[in-house]
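Undergrad: Would you mind keeping the following structure in view while I ask a few things?
Derivation of every value follows stated rules applied to the coordinates shown; laboratory data play no part. Small disclaimer: the values here were computed from a predicted structure and weren't measured.
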Amino acid sequence: MFFSYLTSVVMVSLALYGLWHIIRDIWNAYLAPRWDHAPRASLLMVVQNVEQQVEGMIRFLIRDIAAEPAWCDIVVVDYGSEDITPSILDRLARECPLLKVVHLAGCSRPVSVGITFCQGEVVYVLDFVHRLRYDQFMTAMGTLTRKA
């Protein structure tokens, strides 16, 4: 009697183990979320009066993007600079086709305007002028969802 109980416990355990593997294989083959391609990304930079740092920052980003296999573009919003930042940005935009420059004079929402120029499915905002408040973030996201 002991042998038949032990045999039945082993058989049930093997059946459950096999069922678990079947369910896992079905999940991996048909139901698991997967990326057909890596999402395209956009870097949105908001700058103002940063003539000393802007060229180094952008060249660093371009070098990192060129090293990665994923597609990415850079949109730089110049938020009313009064130094030579706009001319530096224009020169860099002529050198690199992934870089787009938008000049804004008195706009109150540079992120919302700049996000419309982004081509990526994911947008990462680098705001060097001021920190993004919650209402500005929601306005930018509303602009992004209207674009899609």
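Undergrad: Once phi is turned into θ = phi - 60°, what whole-Hz ³J(HN,Hα) does the Karplus curve with 6.51, -1.76 and 1.60 give for every residue of segment 39-53, x standing for Gly and Pro?
TA: Along segment 39-53, the couplings run x, 6, 10, 10, 9, 10, 10, 10, 10, 7, 6, 10, 4, 6, 10 Hz.
Undergrad: Enumerate the amide H contacts of H103 below 5 Å, restricted to partners 5 or more residues apart or on another chain; note that Pro and chain-start residues carry no placed amide H.
TA: D78
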